[in-house]
Amino acid sequence: IRNVAANLCIDSKHGATGTELRLDICIKDGSERTWSHEQLFTFGWREDIRPGEPLHTRKFCFDAISYHSPITLYDCHGMKGNQLWGHRK
C-alpha cells in the first residue's frame with residue numbers, strides 16, 4: 001500500500017498487537033524480505049486488512065480506534081467497526 005505523494009509504503013515492521021504501522025521505503029519486488037511480509041497485506045472477505053499473503057496471513061488486523069488515531073495492528077475480531085476498511089482500484 002503506497003502513499004503516492006511521499007512515495008513510501010505502509011510497513012508493519014514485524015509488529016505485534018498494539019504496534020503502530022509506519023511509512024517506509026517501498027520494497028519493489030519483495031525479494032529482499034520474502035519471509036517477513038512487512039509490506040505485503042491481504043484485504044480479507046470481512047473487509048479487514050492483515051499482514052501477509054492470502055494463504056499465510058497473521059491473526060492481526062489494521063485497527064483504528066478513532067478517526068484521527070494512528071493505525072495499529074490488533075487481534076482480528078471479525079466485527080468490522082474499527083477494523084472495516086475499503087479500497088479503490
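Structure summary
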read-out: Residues located in segment 20-37, provided they are at pLDDT 85 or above and either within 23 Å of GLY86 (Cα to Cα) or out of contact with any Leu (no Cβ under 7 Å at 6 or more places or on another chain) (or both); value: GLU20, LEU21, ARG22, LEU23, ASP24, CYS26
read-out: Residue satisfying all of: in segment 40-76; polar (S, T, N, Q), in a loop (DSSP other than H, G, I, E, B) and at pLDDT 85 or above; farthest from the chain's Cα centre (by Cα) among these; value: SER66
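The values are calculated or read from the model by the stated rules, or taken from the named source; none is laboratory data. Remember, predicted model here, so these are calculated numbers, not experimental data. Cβ sites come from the backbone with ideal geometry, for glycine too, and all protein chains shown count toward neighbours.
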